[in-house]
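The values are calculated or read from the model by the stated rules, or taken from the named source; none is laboratory data. Treat the numbers as computed from the prediction; the structure is a model and nothing was measured. FYI the Cβ positions are ideal-geometry reconstructions off the backbone, even for glycines, and counts take in every protein chain you see.
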């Protein structure tokens, strides 16, 4: 099929149609197996499993007085956020993320293993929202956001645990078909660029970066926290550190990079480092703001994948090229209600672990 010019593209179905033509793109979607049917699968077996775990849940929750839906939970996917100093052969002159490293030391935190490198944002987001791991799907299902979510009558996710849920993304609604998927998940509102009913406000850019800043993303989140003081779920997807990484900022020499002789470009690493430095400042400011709000708020911050600027061997350094940063922070009001730091089994996690860890 590739010999005939077909390039399967599922990140954005309309983009795939423009690339391959409507007939070929239609055919690309026909032979998709979502999941291989397990042995002994049946309605009665699923009811038994549901009954078993309902009993376990009732046992766990019998002494709990707090409900998740009465709190504010923020899942913050930070675009391409990952500490460059973990990449073999890369070393920066200064630390671009001192605030986040301090936060990680006093919270539930560690390394998130990403299934993507240089891309795959929506798959990480899907795993975080649903608790489903991509490895459970058949290989023909490469992007659930465009190949699965739009066609299901019910999409189980953390959103259904709340009476009110919104998504904030300072970019287009069309990428990964989020404008179609978020209503299917049950979000009440989706704030994005171009939405007149739920617009992105406080718009700021940094240097020559064409994407809106992380400060913009957090300012819009704070605006929502003030407008809706009850419990809610917020899905916040940033864009500031998306590629490209050329000639974005001034003073990048502050993060002068030593890189291996494998094709990695130092200037790109330095521009990227300056970008996550601005993220570091915005996160610290945001946490100070939510600390001053006298109602329980928990923030799950995670990088979706590394930027695709490192030319290291995937065979040799593959694990390191899939390690991003995460932390789970509860403000003082949430801590007073009993929010605790996890101290075991939390160093390496997957995005599909965040729902359970948050609870």
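For this structure, a couple of remarks:
- When the criteria are applied in full, residue 256 meets the requirement of being closer than 13 Å to residue 84 by Cβ, in contact (Cβ under 8 Å) with a residue 40 or more places away in the chain, in contact with a helix residue (DSSP H, G or I) (Cβ under 8 Å, 6 or more places away or on another chain) and surrounded by fewer than 18 Cβ atoms within 10 Å (Cβ to Cβ).
- Scope the stretch 187-226; condition over 21 Å from the mean Cα position of the chain (by Cα) and either assigned to a helix (DSSP H, G or I) or not assigned by TED's automatic domain parsing to the domain that holds residue 240 (or both); matching residues: 226
- Any hit, the stretch 41-51, residues being under 30 Å from residue 99 (Cα atoms), assigned to a helix (DSSP H, G or I) and more than 22 Å from the chain's Cα centre (by Cα): no
- The set of residues in the stretch 162-177 being farther than 16 Å from residue 70 by Cβ and surrounded by 18 or more Cβ atoms within 10 Å (Cβ to Cβ) consists of 166, 167, 168, 169, 170, 171, 173, 175, 176, 177.
- The residues on offer are 306, 321, and the sole one that is within 21 Å of the chain's Cα centre (by Cα) and in a loop (DSSP other than H, G, I, E, B) is 306.
- Residue pairs meeting the criteria (Cβ under 6 Å; at least 6 apart or on separate chains; first touching a residue at least 24 places away in the same chain (Cβ under 8 Å) and at negative phi, in the stretch 196-223; second assigned to a helix (DSSP H, G or I) and surrounded by fewer than 19 Cβ atoms within 10 Å (Cβ to Cβ)): 222/289
- Members of the stretch 220-247 found to be under 16 Å from residue 82 (Cβ atoms) and out of contact with any strand residue (DSSP E or B) (no Cβ under 8 Å at 6 or more places or on another chain), listed by number: 240, 242, 243, 245
- Scanning the stretch 96-145 for residues that are assigned to a loop (DSSP other than H, G, I, E, B), free of Cβ contacts under 8 Å to residues at least 60 places away in the same chain and surrounded by 15 or more Cβ atoms within 10 Å (Cβ to Cβ) turns up nothing.
- The set of residues in the stretch 19-40 being in a helix (DSSP H, G or I) and either closer than 20 Å to residue 136 by Cβ or touching a residue at least 12 places away in the same chain (Cβ under 8 Å) (or both) consists of 19, 20, 24, 25, 28, 29.
Each row is one residue, and each column tells you yes or no for (1) surrounded by 10 or more Cβ atoms within 10 Å (Cβ to Cβ); (2) under 30 Å from residue 162 (Cα atoms); (3) modelled with pLDDT of 95 or more.
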| site | (1), (2), (3) |
| --- | --- |
| 2 | no, no, no |
| 8 | yes, no, no |
| 14 | yes, no, no |
| 88 | yes, no, yes |
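- Number of positions in the stretch 330-348 that are in contact with a strand residue (DSSP E or B) (Cβ under 6 Å, 6 or more places away or on another chain), loosely packed, with under 14 Cβ neighbours inside 10 Å and not in a loop (DSSP other than H, G, I, E, B): 1
- Note on the stretch 284-301: residues that are in a loop (DSSP other than H, G, I, E, B) and either in contact with a helix residue (DSSP H, G or I) (Cβ under 7 Å, 6 or more places away or on another chain) or surrounded by 20 or more Cβ atoms within 10 Å (Cβ to Cβ) (or both) total 4.
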